[in-house]
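Remarks on the structure that follows.
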Amino acid sequence: MSNATSTTVLPISASKLRIERADRLLLGIDELSVTGDCTAIIGPNGAGKSLLIKTLAGLQAADSGEVRWAGAAPQHTDRRRVGLLLQRPVLLRRSALANITYALRAAGVQASQAKEQAMAALTTAGLEALAASPAKVLSGGEQQRLALARALALSPEVLFLDEPTASVDPISTQSIELMLKSATEHGCTTVLVSHDLGQVRRLAQHVILMVKGGIVERSPVGRFFEQPQSAEGRAYLAGDLLL
Amino acid sequence: MQSFTQSLHEAVRLVAAFDGDLREIILLSLQVSGMALAVAALIGLPLGAFLAMSQFRFRQVILTIVTALMGLPPVVVGLVVYLLLSNNGALGPLQLLYTPTAMVIAQTILIIPIITALTAQTIEQLHHEYKDQLSLLGLSNSARIKTLLWEGRFDLATALLAGFGRSIAEVGAVIIVGGNINHVTRVMTTTIALETSKGNLSLALGLGLILIAISLTVNALLMLLRNYARRAANE
C-alpha cells in the first residue's frame, strides 16, 4: 500500500547461523534463502523452527553467522516489510479495530486512512462485526485472525508465521488459511512453521524439514510428500519420532 | 479535656457548617497534593517505564534504590528541601520557603519513588508480553514507553492513587517547608497537628474525618472507574 518507493527485503538469507545455549546447539544453519511463495518449516518440537524464523525476522540475534535482507544487514527502516505472527497473538488492550489502526499509525499511515484500511482488514478477516469489541475478550481463533489481519494490513513483503493455527478452531483455521493464500497470491512471501501436514499440503510450495537445529531436507512440497529425499523426511512422514 | 463523643459531636457540627477557613484549608490541601501528584506523575511514569524496559548495567541497583525510597521519611524530605530553599541554600534566591510551591516540591520528591517503582513493576510485566510485537512494529523507544503506559493504564491508576494518598496524608514535610502559616500554607494535616497541640480536639477531629472521607472517596471513585473501564474496554 505505502511501500512502493523503497527497496525490497527479498531474498531473506542466512549463512552459518549458530545459536547455542548451555553447550546445546539450538540452531545451526549453513545456508538458507527465502525468495517467494509459501515455505513451510516442519519438524519435531525443539527442532529450532521458531528460533529460525525469529532470527530471520530480526527479532533474535544469532551467536554467529548472519542474516541478510536483500543482501544487506537488516535495516531498522525495513522493519515493517517483514512481519511475524507469533504463536500466541499479542494484542493491545484496546478494541479490535484500534489494534489495527495502532499498527498502521505506527507505520506512518494518516489517521483518517488508517481507520479505513483497518476496517477493510477486519472485513477480510471476517471480524467486521467485532470491530468495537475489546481485543482481549475475543476467542483464541478470533484473536489469531485479528493478529494476522494486523500483520497483513501493513502489507509486508515477507510474513513469518509461528504455528498460526496450533490452538485455533476449524472455522478460524479455514479463515486464516484463506487469508494466507490470498496474501501469497498477492505477492507476499510467507514462511510458515506448522505441525499440520494437511495444512502444509494446502498452503506451501516448499518444505523445509528441521531436526535438532539443522535443516535436513529442503524440497518442493509435492516431492517431499511423494518421495522424501532424506531418511529423516521418510521417518517424519511415517509418523516416527525423530530423536 | 473534652470527651471523645463531645469532640466528635462538635467536629461533625464544624464539618457541616463548612466555613470559609475550613474550605480554604481543604482546598489548599487538594491543590498542593494534586499538583505534587501531577508533577510526580510526569516524572515518575516515564522514568519507571524507562527503568522497566532498558537493559543497562546498574538498572537493578537503581530499581532497588528507588523501591527503598518508597519509604522515605517525610520529615527528612522536608528538612532537605528546607535546606535547599532557605536563604543560604542552593535555591535560596528563589524565595520559595514557606510557600505552597515549597510544599509541592517536598511532596513531589516524596512520591516520585512510589510512582516510579510501581510503574516499573507494571511496565516490566507488560514489556515482557509486548516487546517482540512492538519490535515488529518498528517503534522508537519513546513510542514504546507511551504505548506501554497506555496499556498499563488501569494498574498505573493505582500507582498514582498510592502517590496521592501518601502526599495528602503526610505532615512532616509540609510543616517544615510550609511553616503552617494561617491562610498561606495551612493544610489539613498541619492544622490537625496544630489544633491537637492546642487542645482544640474538635477541629482536629473534624479535619481528620474530612481527610479520611477524601481518601475513601478518591479510592472509591477510582475503583469504580477502573472496574467500569476494564469491563468496557478490556480483558
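The values are calculated or read from the model by the stated rules, or taken from the named source; none is laboratory data. This is a predicted model, so every value here is computed, not measured. When we count neighbours, we look across all protein chains shown, and the Cβ atoms used for this are built from the backbone with ideal geometry, even at glycine. Surface accessibility is based on the protein's heavy atoms, side chains included, excluding ligands, DNA and RNA. Shrake-Rupley method; radii C 1.70, N 1.55, O 1.52, S 1.80 Å.
Quick look at the numbers
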| item | result |
| --- | --- |
| Selected residue (criterion: modelled with the lowest pLDDT) from residues of the stretch B:215-229 that are surrounded by 15 or more Cβ atoms within 10 Å (Cβ to Cβ) and in contact with a Phe, Trp or Tyr (Cβ under 8 Å, 6 or more places away or on another chain) | B:Arg226 |
| Selection count where residues are surrounded by 18 or more Cβ atoms within 10 Å (Cβ to Cβ) and of a type in the set (S, T, N, Q), scope the stretch B:156-205 | 7 |
| Residue ID - nearest to A:His76 (Cα to Cα), chosen from residues in the stretch A:99-110 that are open to solvent by 30 Å² or more (accessible area, probe 1.4 Å) and within 9 Å of chain B (Cβ to nearest Cβ) | A:Ala107 |
| Where A:Thr39 falls short, out of the listed (1) polar (S, T, N, Q); (2) part of a loop (DSSP other than H, G, I, E, B); (3) at pLDDT 95 or above | (2) |
| Tally of residues being open to solvent by 60 Å² or more (accessible area, probe 1.4 Å), more than 25 Å from A:Pro44 (Cβ to Cβ) and among the aliphatic types (A, V, I, L, M) across the stretch A:8-28 | 0 |
| Enumeration of residues in the stretch B:109-134 that are among the hydroxyl-bearing types (Ser, Thr, Tyr) and open to solvent by 10 Å² or more (accessible area, probe 1.4 Å) | B:Thr122 |
| One residue from B:Ala143, B:Ala117, B:Ala52, B:Ala68 being under 30 Å from A:Arg105 (Cβ atoms), under 24 Å from the mean Cα position of the chain (by Cα) and part of a helix (DSSP H, G or I) | B:Ala52 |
| Pairs, first part of a loop (DSSP other than H, G, I, E, B) in the stretch A:42-56, second surrounded by fewer than 24 Cβ atoms within 10 Å (Cβ to Cβ) and small (Gly, Ala, Ser), C-beta under 9 Å, six or more apart | A:Gly46/A:Gly213; A:Ala47/A:Gly213; A:Ala47/A:Gly214; A:Gly48/A:Gly28; A:Gly48/A:Gly213; A:Gly48/A:Gly214 |
| Test: residue in the stretch B:206-214 that is open to solvent by less than 40 Å² (accessible area, probe 1.4 Å), in contact (Cβ under 8 Å) with a residue 60 or more places away in the chain and touching a Leu at 6+ places or on another chain (Cβ under 6 Å) | yes |
| Considering residues of the stretch A:85-95 that are over 17 Å from B:Arg230 (Cβ atoms) and touching a helix residue (DSSP H, G or I) at 6+ places or on another chain (Cβ under 8 Å) only, the residue nearest to the other protein chains (Cβ to nearest Cβ) | A:Val90 |
| Number of the exception - A:Gly108 against (1) more than 20 Å from A:Val168 (Cα to Cα); (2) of a type outside the set (A, V, I, L, M, F, W, C); (3) part of a helix (DSSP H, G or I) | (3) |
| Condition check for A:Ser230: within 24 Å of A:Leu138 (Cβ to Cβ) and of a type in the set (S, T, N, Q) | no |
| Meets criteria (touching an Asp or Glu at 6+ places or on another chain (Cβ under 6 Å) and surrounded by fewer than 16 Cβ atoms within 10 Å (Cβ to Cβ)) for A:Gln87 | yes |
| Residues of the stretch A:31-67 satisfying the condition of being within 18 Å of A:Leu159 (Cβ to Cβ), of a type outside the set (A, V, I, L, M) and away from chain B (no Cβ under 14 Å) | A:Ser33, A:Thr35, A:Gly36, A:Asp37, A:Cys38, A:Thr39, A:Lys49 |
| Cβ pairs under 9 Å, 6+ apart, first in the stretch B:127-147 and in contact (Cβ under 8 Å) with a residue 60 or more places away in the chain, second among the hydroxyl-bearing types (Ser, Thr, Tyr) | B:Asn141/B:Ser54; B:Arg144/B:Tyr130; B:Arg144/B:Ser135 |
| Hits in the stretch B:81-94 (condition: within 23 Å of B:Leu30 (Cα to Cα) and either out of contact with any helix residue (DSSP H, G or I) (no Cβ under 6 Å at 6 or more places or on another chain) or open to solvent by 30 Å² or more (accessible area, probe 1.4 Å) (or both)) | B:Tyr82 |
| Only one of A:Gln60, A:Gln75 that is farther than 27 Å from A:Phe224 by Cα and in contact with a helix residue (DSSP H, G or I) (Cβ under 6 Å, 6 or more places away or on another chain) | A:Gln60 |
| Candidate set: the stretch A:181-208, residues that are among the small types (Gly, Ala, Ser) and more than 17 Å from A:Lys49 (Cα to Cα); chosen: the one surrounded by the most Cβ atoms within 10 Å (Cβ to Cβ) | A:Ala183 |
| Every residue from the stretch A:118-134 that is under 16 Å from A:Leu152 (Cβ atoms) and crowded, with 20+ Cβ neighbours inside 10 Å | A:Ala118, A:Ala121, A:Leu122, A:Ala125, A:Leu127 |
| Residue match in the stretch B:149-160 (condition: within 26 Å of B:Leu96 (Cβ to Cβ) and away from every other protein chain (no Cβ under 14 Å)) | yes |
